[in-house]
Structure formats: C-alpha cells, structure tokens
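Every number here is computed from the coordinates shown, using simple stated rules; none is lab data. All of these numbers come straight from a predicted model, not from anything done at the bench. Here the Cβ is made from the backbone with ideal geometry for all residues, glycine too, and neighbour counts use every protein chain on show.
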Amino acid sequence: MFESKKAILLDMNGTFMFGEDRFGSDEDYSEYYRGIGGELEKSSINRLIAKVYAYLDLRYPDQRYRDNFPSVKEAISAVADRSLSDSEVDRIIRTFSFHEHGHIPQQYVETLLALAGRFTLAAVIDIWAPKERWLRTFSDRGIDSLFKAISFSSDHGVVKPSPKPFKRIVKALGCSEQDCLVIGDSVRRDLGGASAAGVDCVLVGGVHDSRAVASYPNLLAFKDDCC
C-alpha cells in the first residue's frame, strides 16, 4: 500500500510519545517547581499552572486560534494575578514543560529506527511549551538525527489541524504531497490537517475514519506491515 511513499510526517503524542499532559486536578506542580528554585507557595503555583493549562486548553480546539495560538508565557501573563520576575516566569514555564512532556518507550525507538531505514522521517508536533525539553529527549533516546525536519507548534503558534505546518514540512523535505504520508492518532488534528494539506494520512491508536488510507492499533503495527 505504501510503496510509492518516500516520507512520513509523524505526530508525536499518542503516536510515539506517551504519558504526556499530566495536568489532572490531583497533580502537585510544586514538587518539580520547588526543585528548580521556585519560591511561590504550593497553593499558588498549583493554582497558577492549572489556570495556565485551562487558558490554553480552552483555545486549543478553537479555530480562531489555529494560526495564532498563544504561548505558555503569554498564558501566564494573561492569568497571573501578580507581577512575576523573568526568572520566575522561566521556572513556571519549565514546570509546565515537565508536566506536558511524556516518554518514548524503547520499542518505539526501535520502530522509528526501522522506519528511518525505509522512509525519510519528519514530524509535525503540537506542544504548548518551548521545544527544548523534547529536543533533549530526542537526543537522549538517539532519535534526533532521524528527523530531517520538525515543526513544533510552540515555535510559530500554528496548531493542527491547520494545514500550514504540514505544507511547511513537505516543502522542507523537497517532496510532493503525493510522496508523503502523515501518521497520527487524532482524526481532527492529524487527519484533518493532513487532508487540508493534500497529504494521505494513516491513523494509529485505535481510531478510524473513512478518509484515512489505513488504520492501525499503533505505530508498531504499521512498521510491521510496511518494513
């Protein structure tokens, strides 16, 4: 089915990274925050991070913010009820990043390595915090060199299902849309954005839609089918 495809544009969360977005009501953000020198009281930092997350979560599916999604720093400024120093804002962003970040299981590292032997790999990734923590993880897991191009939404404020990041990556790879395949776990964000950009999409994670060219339970199963 995929013999004609030269490049894969991968989603990240729910596709090869898991356990992300730890923003539940029982999260204690102060634990990490205190460890990096934060000085706000436990109740204050927990309330502030929760408000930042709610501010962004409300806007994420709203098409009015699709091409101008606010940064975590902008969200902090919008919801904070007191003036904060630049160093304090940085610690809050780092704390948010820690809780937004997930982990990449070893079997998915191996799957990415196998896919890179068959396709050119790129990624179209929605994250709200700055990308540095994710780049360190990619380096630590030995997969950073596998991606020929990456779009992080926090770099430019454009979130899926906007077609813009998909088109940007296709152009960066020097491929045609027909040469590329998007793989992701979201019908709205990944399939919607890929379709708007004129790129075929495979769904993983147990979701299905008639517009997808195929569906697999996970990325591992896709790899087994095509490599």
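Among the residues examined, Y53 qualifies as in contact with a His (Cβ under 9 Å, 6 or more places away or on another chain), under 23 Å from G19 (Cβ atoms) and either among the acidic types (D, E) or in contact (Cβ under 8 Å) with a residue 24 or more places away in the chain (or both).
Evaluating A123 against the criteria (1) within 30 Å of I92 (Cβ to Cβ); (2) free of Cβ contacts under 8 Å to residues at least 40 places away in the same chain; (3) of a type outside the set (D, E) leaves one unmet condition, (2). For the stretch 1-44, the candidate set comprises residues that are among the acidic types (D, E) and more than 26 Å from the chain's Cα centre (by Cα); within that set, the residue that is surrounded by the fewest Cβ atoms within 10 Å (Cβ to Cβ) is E3.
Scanning the stretch 165-189 for residues that are over 22 Å from N218 (Cα atoms), within 15 Å of the chain's Cα centre (by Cα) and either surrounded by fewer than 21 Cβ atoms within 10 Å (Cβ to Cβ) or among the hydrophobic types (A, V, I, L, M, F, W, C) (or both) gives a single hit, I169. Condition check: under 13 Å from A123 (Cβ atoms), polar (S, T, N, Q) and without any contact (Cβ under 8 Å) to a residue 60 or more places away in the chain. Does S151 satisfy that? Here the answer is yes, as S151 does meet what is asked. Cβ-Cβ contacts under 7 Å between residues 6 or more apart (or on different chains), taken from a first residue in the stretch 75-92 that is surrounded by 11 or more Cβ atoms within 10 Å (Cβ to Cβ) to a second residue that is of a type in the set (G, A, S), are listed as R91/G37; R91/G38. If the condition is being in contact with a helix residue (DSSP H, G or I) (Cβ under 8 Å, 6 or more places away or on another chain) and either among the aliphatic types (A, V, I, L, M) or under 21 Å from K131 (Cα atoms) (or both), then the stretch 174-185 contributes V182, I183, G184. Condition check for G192 on (1) farther than 22 Å from N218 by Cβ; (2) without any contact (Cβ under 8 Å) to a residue 40 or more places away in the chain: one failure, at (1).
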